[in-house]
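J.: What follows is a structure written as structure tokens; I'll ask about it next.
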Amino acid sequence: MNSYRSTILLLFMCIWLMVFLTGCWNSKELSAISVVMALGIDAVDDQYEVSLQVVDPSKMSHNSPMERTPTIVFSKRADTIFEAIRKLTTESSRKMYMSHLKFVIFDEKTAKKGIKEPLDFLFRDHEVRPDFYLAVVRGNSAKEAVTFVAPTEVLPAMDMYKALRLSEKAWAPTSAVNVKDILQKFTEDGIEPVLTGIRLTNLEKGLTIDNVTKSPQHVKYFFTGIGVFKGDRLIDWMDDSQSKAFTYISNRVSSTVASIDCPNSKGKFVVEVIRSKVKMRPEIIDHEPYISLIVDTESNIGTVSCNANLKNEETFRDLQESAKEHLEQSLKEGISYAQQIGSDIFGFGEAFHRKYPREWHKWKEDWPQKFQTLKVDIQLNYRLVRFGDITSPIDMGIHNQE
């Protein structure tokens, strides 16, 4: 009897599953969608111009001849981002599919006006995955930044996406900021957001397939500088040297290089940073906030173009001290500049908020002013650990052999 009931119950469950799990109720066929890889946002008059870089599926096959670019750019203007994207249906037979979005680029006018409003749609849309990067194009429009044909990857958006990730790991002045990072900065007290800058060169010759079929390529892009924000508004730019302070203090440095003047002779030597860790220690001294930064950095010597024998212990110490002073100067310049423009991009205020919540409640409203006069002590432990397979410059070694 129990076996009979179990069989009936199992049959009923199978029928129930067949009725309600027959397929995805909101599925979309590939032939009915356009996969969006990059989105450019420009402020034009009182409206937004939204430019979408979408994949041309007919050009994605490796056997397909390169007769036209592998992406198509659609552009529309409207009062809001959502409206502009919907207006694109008037010129595209496919629905814009945003789940594979990799890059969002703002022009400087939009960034200075405020990026919360245009980002609001991307935060809310259930189709958009929160893993795309953000950048501000300098000297050009965002539409131009999503239009050019990239030389390395088939899809220009993937080229920029991969390049920014690689650049952050190998070059300290660059910072890869994704949408999760910036949303966190918007919701936390005592820390301001940043976005990396991107520049285009020789754009007028790089908007066609010729940009990838000829060498050298006409148009090139490169990431440069960090845009400093107050709230959601861009207020200024840090140059590469100043940008290093942000990446070091926020522990974003995986590896980088620095060119430094030799201490006792003409020429330069280059160090490769292989490890860097910064600990932030907030304190209150005489009822005022005070920050100590404990910086622990290890580097290798990559190139020596001055008369320096690395077997000599004193010479090695001099090079190490010069490298230490160079990094310390970069940190001080970056901190000083951020204080000058009144934007706490390092999160000093957030550190006080965590450790001294009662005092932070009193300082919160006046923190931009307090940050400008905040005393920051840098305790730098810098070590040169390796100098390669040779201990002196090549020309010096040849001279000694003669």
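The values are calculated or read from the model by the stated rules, or taken from the named source; none is laboratory data. Bear in mind that the values here come from a model prediction, so they are computed numbers and not experimental data. A quick note on method: Cβ atoms are made from the backbone with ideal geometry, for glycine too, and the neighbour counts reach across all protein chains shown. With ligands, DNA and RNA removed, areas are computed over all heavy atoms of the protein, side chains included. Shrake-Rupley method; radii C 1.70, N 1.55, O 1.52, S 1.80 Å.
J.: In straight Cα distance, which aspartates and glutamates are under 14 Å from Lys364, not counting same-chain residues fewer than 8 positions off?
T.: Leaving aside aspartates and glutamates fewer than 8 places away in the same chain, those within reach of Lys364 are Glu188, Asp189, Glu192, Glu288, Asp344, Glu350.
J.: Right, something else. List every residue whose amide H lies under 5 Å from the amide H of Thr224, counting only residues 5 or more places away in sequence or on a different chain, with H placed 1.01 Å from N in the peptide plane.
T.: Gly197, Ile198, Arg199
J.: I've got another one for you. If amide hydrogens are placed 1.01 Å from N in the peptide plane, which non-local residues have theirs closer than 5 Å to the one on Arg275?
T.: Correct list: Glu298.
J.: Highest mean first, what order results for 283-292, 187-196 on Cβ atoms within 10 Å?
T.: 187-196, 283-292
J.: Amide H to amide H under 5 Å from Gly114: which residues, 5+ apart in sequence or cross-chain, H placed 1.01 Å off N in plane?
T.: Long-range HN contacts for Gly114: Leu234.
J.: Could you derive backbone 3J(HN,Hα) for the range 186-196 from the dihedral phi with the Karplus parameters 6.51, -1.76 and 1.60 (θ = phi - 60°), listing whole Hz in sequence and x where the residue is Gly or Pro?
T.: Going residue by residue, I get 5, 9, 9, 8, x, 8, 10, x, 9, 9, 6 Hz, with x marking Gly and Pro.
J.: Label points 7 Å out from Cα along the Cβ direction at Asp79 and Glu117: separation in nm?
T.: 1.1
J.: With every protein chain kept in place and ligands, DNA and RNA left out, what is the accessible area per residue of the range 211-342? Probe 1.4 Å, answer in Å².
T.: Result: 48 Å² per residue.
J.: Could you tell me how far the Cα centroid of the range 240-263 sits from the Cα centroid of the range 103-181, in Å?
T.: Centre-to-centre distance over Cα atoms comes out at 23 Å.
J.: Go through 162-168, 308-314 and give me the packing order, highest mean Cβ count within 10 Å leading.
T.: 162-168, 308-314
J.: Based on the mean of other Cβ atoms within 10 Å per residue, sort peptides 298-307, 376-385, 237-246 so the most packed one is first.
T.: In decreasing order of mean packing, 298-307, 376-385, 237-246 become 237-246, 298-307, 376-385.
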